[in-house]
Amino acid sequence: MVRALERRGARIHLEGQLVSAEGGHLVLSTGEEFDAHTIVWTAGNGANPVVANHTDLPVTARGSVMVRADLRVGTPEAVVPDAWAAGDDAAVPDLASPIDGSITVPNAQHAVRQAKRLAKNIVATLRGEQPKDYVHHSLGVVATLGLGRGIFQWRGIVITGFVAWVMHRGYHVLAIPTWERKVRVLLVWASAALFGRDIVSLLSVQHPRRAFVGGGVPERDARELAGRAA
Ligand SMILES: Cc1cc2nc3c(=O)[nH]c(=O)nc-3n(C[C@H](O)[C@H](O)[C@H](O)COP(=O)(O)OP(=O)(O)OC[C@H]3O[C@@H](n4cnc5c(N)ncnc54)[C@H](O)[C@@H]3O)c2cc1C
């Protein structure tokens with residue numbers, strides 16, 4: 001992935017943390033400093049402090065709610081009655097992991113499935129039945145590296161390029177709830193493939209007149225005017 005990004009002109013700084021980003025000037029823990037226009041934060045999320053600071057629920061050292069494998073809140077010693085948790089903010093034991101004491105990673109793959117298990121478990125307890133443990137074997141990870149390029153990994157299998165990009169798109173369409181939403185999203189993608197991206201994008205926030213100017217005058221003049229409008 002690093003090589004793919006470098007081929008496209010990116011500079012990757014590994015083994016370092018962001019120390020400061022004031023006024024568009026970035027300082028890394030390695031001592032490197034440089035300016036940047038755009039900062040995209042992808043370092044992950046912490047636990048919501050509300051739970052640790054404003055409840056008496058048991059939390060882990062990182063502040064996530066401690067839950068048992070059946071998603072009831074509680075420590076191995078005691079269950080908190082009528083309290084359930086799932087998703088990013090819950091430290092759910094990962095029974096599918098070969099490593100003892102693992103917890104499920106905070107992603108939608110788990111959150112969606114945990115929510116379903118949690119709902120079924122609440123119904124089960126209301127009916128006087130036993131709740132079941134949450135177990136999910138990872139379906140792998142998939143990501144895009146820009147339009148038409150992606151990467152998929154499941155255990156030792158790695159797929160890169162266009163096929164992985166299609167898999168990424170396909171999985172996300174499948175994951176979108178309701179057929180109505182799936183069709184809407186697919187139609188937007190299809191129209192973007194034919195006519196380009198919708199002009200309502202972040203770029204148009206920064207350069208709101210560019211599309212308007214571009215649509216009204218011959219191409220050569222449009223480029224000139226767009227430069228001035230920006
Ligand atoms: C940019 C980005 C990209 C991602 N891409 C992927 C991906 O490709 N694949 C994948 O599997 N996962 C992905 N994830 C992770 C995925 O989004 C999360 O794991 C998933 O949304 C967790 O679901 P959740 O219901 O636990 O939490 P959330 O979806 O975060 O929902 C929590 C909700 O609680 C609300 N809330 C917070 N505090 C309070 C409060 N005090 N009172 C009331 N409500 C409150 C929030 O507003 C929010 O609506 C991505 C995450 C990010 C940020």
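The values are calculated or read from the model by the stated rules, or taken from the named source; none is laboratory data. Predicted, not measured: the structure shown is a model, and the values here were computed from it. Positions of Cβ are backbone-derived with ideal geometry, glycine not excepted, and every protein chain shown enters the neighbour counts.
Filtered by the rule that a residue be polar (S, T, N, Q) and either touching a helix residue (DSSP H, G or I) at 6+ places or on another chain (Cβ under 6 Å) or surrounded by 13 or more Cβ atoms within 10 Å (Cβ to Cβ) (or both), segment 94-112 gives Ser97, Ser102, Thr104, Gln109.
Looking at Thr42, Thr38, just one residue is farther than 21 Å from Thr104 by Cβ, hydroxyl-bearing (Ser, Thr, Tyr) and within 16 Å of the ligand (Cβ to nearest atom), and that residue is Thr38.
If I filter segment 159-217 down to residues being on the phi > 0 side of the Ramachandran plot and small (Gly, Ala, Ser), which single residue comes out as surrounded by the most Cβ atoms within 10 Å (Cβ to Cβ)? Step by step, filter segment 159-217, then rank; the result is Gly161. Close Cβ contacts (under 8 Å, 6 or more residues apart or on different chains) running from residues in segment 102-118 that are under 18 Å from His168 (Cα atoms) and modelled with pLDDT under 95 to residues that are surrounded by fewer than 17 Cβ atoms within 10 Å (Cβ to Cβ) and of a type in the set (S, T, N, Q) comprise Gln109/Ser138.
Suppose we filter segment 130-152 for residues that are farther than 24 Å from Trp189 by Cβ and either within 16 Å of the ligand (Cβ to nearest atom) or touching a Pro at 6+ places or on another chain (Cβ under 7 Å) (or both); how many remain? Counting residues in segment 130-152 that are farther than 24 Å from Trp189 by Cβ and either within 16 Å of the ligand (Cβ to nearest atom) or touching a Pro at 6+ places or on another chain (Cβ under 7 Å) (or both) gives 4. Only residues that are at positive phi and touching a strand residue (DSSP E or B) at 6+ places or on another chain (Cβ under 7 Å) were counted across segment 70-108, and they come to 2.
Remark: pairs (first residue in segment 138-151, under 20 Å from Ala193 (Cα atoms); second residue polar (S, T, N, Q); Cβ separation under 7 Å; 6+ apart in sequence or on different chains) = Gly150/Thr144. Of note, Val19 satisfies the criterion of being among the aliphatic types (A, V, I, L, M) and part of a strand (DSSP E or B). I want to confirm something. Restricting to segment 78-123 and keeping residues that are assigned to a helix (DSSP H, G or I) and of a type in the set (Val, Ile, Thr), which single residue is farthest from the ligand (Cβ to nearest atom)? Of everything passing the filter in segment 78-123, Val123 is farthest from the ligand (Cβ to nearest atom). Does Arg127 satisfy the criteria of being away from the ligand (no atom under 11 Å from the Cβ) and either in contact (Cβ under 8 Å) with a residue 60 or more places away in the chain or closer than 30 Å to Ala192 by Cβ (or both)? The answer is no for Arg127.
Kindly indicate whether Ile122 is without any contact (Cβ under 8 Å) to a residue 60 or more places away in the chain and more than 23 Å from Asp94 (Cα to Cα). Considered against the rule, which asks whether it is without any contact (Cβ under 8 Å) to a residue 60 or more places away in the chain and more than 23 Å from Asp94 (Cα to Cα), Ile122 comes out as no.
Note on segment 166-187: residues that are without any contact (Cβ under 8 Å) to a residue 40 or more places away in the chain and within 28 Å of Gln153 (Cβ to Cβ) amount to 15.
Residues in segment 1-60 that are of a type in the set (Lys, Arg) and under 21 Å from Leu202 (Cβ atoms): Arg8 alone.
Got at least one residue in segment 1-23 being within 16 Å of the ligand (Cβ to nearest atom) and closer than 30 Å to Gly101 by Cβ? Don't jump to the end; show me each part of the working.
Step one: of segment 1-23, the residues within 16 Å of the ligand (Cβ to nearest atom) are 1.
Narrowing further to those that are closer than 30 Å to Gly101 by Cβ: 1.
Within segment 1-23 (the criterion being within 16 Å of the ligand (Cβ to nearest atom) and closer than 30 Å to Gly101 by Cβ), the answer is yes, since at least one residue qualifies.
Answer yes or no as to whether Val50 is outside any loop (DSSP other than H, G, I, E, B), out of contact with any strand residue (DSSP E or B) (no Cβ under 9 Å at 6 or more places or on another chain) and either among the β-branched types (Val, Ile, Thr) or surrounded by 13 or more Cβ atoms within 10 Å (Cβ to Cβ) (or both). Criteria met by Val50.
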